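I have placed the structure first, in the form of C-alpha cells, so that the comments after it can refer back to it.
We did not get these values from a lab; they are worked out from the coordinates using the rules stated. The model shown is predicted, which means the values in this text are computed figures rather than measured ones. Cβ sites come from the backbone with ideal geometry, for glycine too, and all protein chains shown count toward neighbours.
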Ligand SMILES: [Zn+2]
C-alpha cells in the first residue's frame, strides 16, 4: 500500500529523487528548440536530473539518436548543396 502511494505521488515528479519541482526544458545545446520538444525533455529543479516525461527514463539514447540524425541530415544537405 505504501509503495503504491509513493508511486502515485511520484507520477508527475522526478523519477530519481521524487521532487515535484520539475519543468520542461525549452532549449538544449544538442537539440535547439525542437529536440527537447520531441523527446519530452524534462528537468528536475531539485537534483538537475533530465529525463523523458513520457517514458520517465533518461533521454541519453534519444539525444544520441537525435544528434546523429540531425548531424546526418545536415551533412546530406551540405553534400547536395555542394554537388549542385
Ligand atoms: Zn530530482
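For the pair residue 54 and residue 83, label points projected 7 Å from Cα toward Cβ lie 3.2 nm apart. Does anyone have the angle between helix 60-83 and the longest principal axis of the chain? Alpha-carbon axes, 0 to 90°, nearest 10? Here the helix axis deviates by roughly 10 degrees.
According to the Kirkwood expression over distinct Cα-Cα pairs, how big is the hydrodynamic radius of segment 38-81, in Å?
Working: mean 1/r = 0.0845 Å⁻¹.
By the Kirkwood definition, the hydrodynamic radius is 11.8 Å.
Eigenvalues of the alpha-carbon gyration tensor of the chain, scaled by 5 and square-rooted, set the equivalent ellipsoid semi-axes at 35, 11, 8 angstrom, largest first.
Full extension of the chain between residue 71 and residue 29 yields a length gain of 13.8 nm, computed as 0.36 nm times the residue separation minus the alpha carbon distance. Estimated from the Cβ-Cβ distance and a Förster radius of 22 angstrom, the FRET efficiency linking residue 61 and residue 12 is about 0.45.
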